[in-house]
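Enquirer: I am attaching a structure below and will ask some questions about it afterwards.
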Amino acid sequence: MEAIIDYLKLHGEQMDADLARALALPVEQVRTEIRALSSKGAVMMCLVTRYRNGVEVEGLACRISGVIP
């Protein structure tokens, strides 16, 4: 979980899939850790839909709590 916090501190708001790719972790593991961090109040997360090259992509967006992008 510390790796996720450190990455978010350096890079700001991220999608779960982007975090997984950057940290070389499975997406499901990242989602589990994000949910745990959210329940502790360490990160804010929400389900979002974004469009990349016209393709709909759903995932969890997260950022450090108390930080306004």
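The values are calculated or read from the model by the stated rules, or taken from the named source; none is laboratory data. Predicted, not measured: the structure shown is a model, and the values here were computed from it. Neighbour counts are summed over all protein chains in view; Cβ atoms, including those assigned to glycine, are modelled from backbone coordinates with ideal geometry. These area figures cover heavy atoms from the full protein model, side chains too; ligands, DNA and RNA do not enter into them. Shrake-Rupley method; radii C 1.70, N 1.55, O 1.52, S 1.80 Å.
Enquirer: Find how much the distance from S39 to Y51 grows on full extension, using 0.36 nm per residue of separation minus their present alpha carbon separation; answer in nm with one decimal. Each step should come with its number before you reach the end.
Expert: Working: separation 12, 0.36 × 12 = 4.32 nm, distance 2.76 nm.
Computed gain between S39 and Y51 is 1.6 nm.
Enquirer: If you don't mind, there's one more thing I want to ask. Can you give the accessible area per residue of the chain, in Å², using a 1.4 Å probe?
Expert: Per-residue value: 64 Å².
Enquirer: Shifting gears a bit: Calculate the spin-label point distance for K9 paired with I64, positioning each point 7 Å from the Cα along the beta-carbon direction, and give it in nanometres.
Expert: 0.6
Enquirer: Do any trypsin sites (Lys or Arg not before Pro) in the stretch 1-34 lie in a DSSP loop with no more than 16 other beta carbon atoms within 10 Å, and if so, which?
Expert: Listed in order of number, the matching sites amount to none.
Enquirer: A follow-up question, please. I'd like the Karplus ³J(HN,Hα) series for the stretch 26-36: coefficients 6.51, -1.76, 1.60, θ = phi - 60°, whole numbers in Hz, and an x wherever there's a Gly or Pro.
Expert: 3J(HN,Hα) across the stretch 26-36, in whole Hz: x, 4, 4, 5, 5, 4, 4, 5, 4, 4, 5.
Enquirer: Over the chain, what percent of the accessible surface lies on carbon and sulfur atoms, probe 1.4 Å?
Expert: Values: 2470 of 4420 Å².
With neighbouring chains kept in place, the figure for the chain is 56 percent.
Enquirer: Hey, another quick one. Based on the Cα atoms of the chain, what semi-axes does the equivalent ellipsoid have, where each is the square root of 5 times one gyration tensor eigenvalue, given in whole Å with the largest first?
Expert: 18, 14, 11
Enquirer: Still on this structure: Just to compare against my own numbers: the Cα pair-distance distribution for the stretch 30-69, 5 Å bins, whole % per bin, please.
Expert: 6, 24, 25, 18, 16, 8, 3, 0
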